[in-house]
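Have a look at the structure below, then the notes.
Computed from the coordinates by the stated procedures, all read-outs in this text should not be read as laboratory data. Keep in mind it's a predicted model, so treat the numbers as computed, not measured. Heads up, the Cβs are rebuilt from the backbone with ideal geometry, glycines too, and the neighbour counts pull from every protein chain shown.
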Amino acid sequence: MFRPIYLWSRYLKCARHNCFRLLHKSTLQANLSTEDVTKFKEKVANGPSLSDFINKNSIPNLIDTDVDHPPYMPFENNTSRKIYLETYGCQMNVSDTEIINSILKSAGFEIVQDVAQTDVIFIMTCAIREGAEQKIWNRLKYFRTLKKKHDKTSHHKLKIGVLGCMAERLKHKLIEKEKIVDIVAGPDSYKDLPNLLSLADEGQKAVNVMLSADETYADVMPVRINEQSKSAFISIMRGCDNMCTYCIVPFTRGRERSRPISSILDEVKHLSDQGVKEITLLGQNVNSYRDQTAGVESKIVLSSGFKTVYKSRRGGLLFADLLDKVSDVNSEIRIRFTSPHPKDFPDDVLHLINEKPNICKLLHLPAQSGNSEVLEKMRRGYTREAYLELVDHIRKIVPGVALTSDFICGFCDETEEAHQDTLSLMNIVKYEFAYIFPYSMRQKTHAFHRLKDNVPEEIKKRRADETYAVFRDCSLELHKKEIGHYHLVQVLGPSKRSELDWSGRNDWNTKIIYPQVPLPTEENSTTCRLPCPGDYIVVQITDCTSQVLKGKALYHTTLQEFYTKNSADRSLYI
């Protein structure tokens, strides 16, 4: 008597299995052509909405809503809401803040610069080190005090939101345990902020920390924090697949995904039209950029002696393609990029950097350690020897290049001998700049689960201090060699230390201080004017410290003119 029920149950299971099989990504790719998928997407996008099924004559005063604006986020309710944004962490967080500016302004919110005037406080956070998180906790305690005072005198309750990497990492602690904040939004959920704010207004938990498999903000044109600045950031990719044992980025930012080149070029052109003179391309692993939307065949080539934890990849427009196209938009705009991985510097990228005057001759090569055993435990994918070979190779292809780096001091099981290897590496390479930090173990990382944080804090600090001292000595040595040389400097503005001096940055991103006086509009010209932010001027170096170069400003020029005239001697003209 139970046989028919059993057969019906089996039928349902098979039907469900076949449904999932048909919907599986790989099955879809196998059974549907690109044209079929495009047609399907168009049908979904252009299909009927709820209004098509409503008898409009039976409902008076029916309002047509903007299809791009969800009806649960009415603009008129947001016009009086004021948002205060505070940003901590890396350049990517600055770029994300500009994306959030755009999203919130489009939703009718007003961005304010004074926390005393706001109804909503959003704090953009960093989770890369414990010290960075502690700053956020201290700031949140201050905001909580501010909230108590605000809520006593205002009928609008002050809302506090945590955004970024710390939001993803500590979502439950922030909302449920500490109950400090009202809104938690991860790096891929900023488009949902207006909706999350509506939920918070209704007293509900407003949390979205879902990470995306695709580029999330390719269609958002950022609103710059400082529209007067001549420098700008552009995010070209997000996430990281390298899975270094110490790093939390793959867990807070997700896997690698890249913006289409067309979207990036549109933003570059937009910034060029606004008068921007320097653009920094951003990504957690910026030089592993790969735009797969173009359907181009390509093969990824790693730096010699380097390996990855993931399988070899093919297809797509690569970083060299992007760098070439971006540099062609405006030959007077300097192009920088950060943060790269040493494994992703094939020769075509290096030759392009050497050939294009507006691609800065400054490469960030994060070493992290100078000891091969430590590098293996960090899962960096290279040895000390491979790293030094890459440095030599880069300097042969790009003469006059400046190198910068990152170092972690006191990583798990690091011995005194290993620390000395790091110091010797720094003495060999001689970096223009270096970011040096004591190791800070982060939850979720491979090191947290598999390794022991067994170097005492005082030893970590001492090793970091010693590493920094060696870096300063090497940097001073490099800078002394520049005395008498001529540098192309992009003007920033008045120096912080003297009203009589101005500052700018050279190709290596080194700060250069010089007296502000009227300069010839070109070499040998009798017409003079004061340099303005964004101008290019030639400065002869006369003095230095380990951190800055000092010099005498000579005349105005253009980027292309300077390098065309002086291409034969790039050692004297930087």
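Structure values in brief
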read-out: Listed residue (ALA167, GLY108, MET92) projecting farthest to the positive dipole end of the range 82-208, Cβ model; value: ALA167
read-out: Built amide H within the under 5 Å cut-off of SER235, gap 5+; value: LEU282
read-out: Cα centroid separation, the range 472-510 to the range 516-574 (Å); value: 11 Å
read-out: Dipole magnitude of the chain about its Cα centre (Cβ charges: Lys, Arg +1; Asp, Glu -1), debye to nearest 20; value: 1960 debye
read-out: Mean separation of Cα contacts under 8 Å, 6 or more apart, over the residue count of the range 231-481: relative contact order %; value: 18 percent
read-out: C-alpha center-to-center spacing [the range 385-454, the range 212-244] in angstrom; value: 26 Å
read-out: Prolate/oblate/rounded label for the range 191-345 (Cα gyration tensor, a/c 1.5); value: oblate
read-out: Likely footprinting exposure, THR245, THR118, THR527, fewest C-beta neighbours within 10 Å first; value: THR527, THR245, THR118
read-out: Order by protection proxy (mean Cβ within 10 Å, highest first), peptides 287-299, 364-376, 443-455; value: 364-376, 287-299, 443-455
read-out: Helix 91-106 vs. the chain, principal-axis angle (Cα, 0 to 90°, nearest 10); value: 50 degrees
read-out: Ranked packing of 199-207, 187-195, most packed first, by mean Cβ within 10 Å; value: 187-195, 199-207
read-out: Ranked packing of 307-317, 353-363, most packed first, by mean Cβ within 10 Å; value: 353-363, 307-317
read-out: Length added when fully stretched, THR542-PHE433, from 0.36 nm per residue minus Cα-Cα; value: 37.2 nm
read-out: Alpha-carbon centroid distance for the pair the range 259-314 / the range 328-382, whole angstrom; value: 13 Å
read-out: log10 of Debye I(q)/I(0), alpha-carbon scatterers only, for the range 367-459 at 0.11, 0.15, 0.21, 0.25 Å⁻¹; value: -0.34, -0.60, -1.06, -1.38
read-out: Per-residue ³J(HN,Hα) for the range 338-351, Karplus 6.51 cos²θ - 1.76 cosθ + 1.60, θ = phi - 60°, Hz, x for Gly and Pro; value: 6, 10, x, 10, x, 5, 9, 10, x, 4, 5, 5, 5, 5
read-out: Given charges at Cβ of Lys, Arg, Asp, Glu: the range 419-555 dipole, positive-most of PRO533, TRP502, HIS449; value: HIS449
read-out: Size of charge dipole - the range 194-262 - debye, nearest 20, with Cβ of Lys, Arg +1 and Asp, Glu -1, no other charges; value: 240 debye
read-out: Among [x] 40.3; [y] 25.6; [z] 36.2, the entry derived from the coordinates for mean projected area of the Cα convex hull in nm²; value: [z]
read-out: Share, in percent, of DSSP beta bridges within the chain that are antiparallel, nearest 5; value: 40 percent
read-out: Unit charges at the beta carbon, dipole of the chain: most positive-side option, LEU199, VAL470, MET221; value: LEU199
read-out: Debye, to nearest 20: dipole size of the range 231-481, +1 on Lys, Arg Cβ, -1 on Asp, Glu Cβ; value: 560 debye
read-out: Cα-based convex hull, the range 231-481, per residue volume (Å³, whole number); value: 127 Å³
read-out: Degrees separating the helix 261-273 axis from the principal Cα axis of the chain, which is the longest one; value: 60 degrees
read-out: In order through the range 549-564: 3J(HN,Hα) via Karplus (6.51 cos²θ - 1.76 cosθ + 1.60), integer Hz, x for Gly, Pro; value: 10, 10, x, 10, 6, 10, 6, 7, 7, 10, 4, 5, 5, 4, 7, 5
read-out: Cα shape, the range 483-566, gyration tensor, a/c 1.5 rule; value: oblate
read-out: The range 140-154 - phi-based ³J(HN,Hα) in whole Hz, Karplus 6.51/-1.76/1.60, Gly and Pro as x; value: 5, 4, 5, 5, 5, 4, 4, 4, 4, 5, 4, 5, 6, 10, 10
read-out: Cα→Cβ-extended label distance, 7 Å offset, between MET441 and ARG255, nm; value: 2.9 nm
read-out: Spatially proximal lysines relative to LYS511 (Cα-Cα < 21 Å; intrachain offsets below 8 disregarded); value: LYS230, LYS277, LYS361, LYS430, LYS480, LYS481, LYS496, LYS550, LYS552
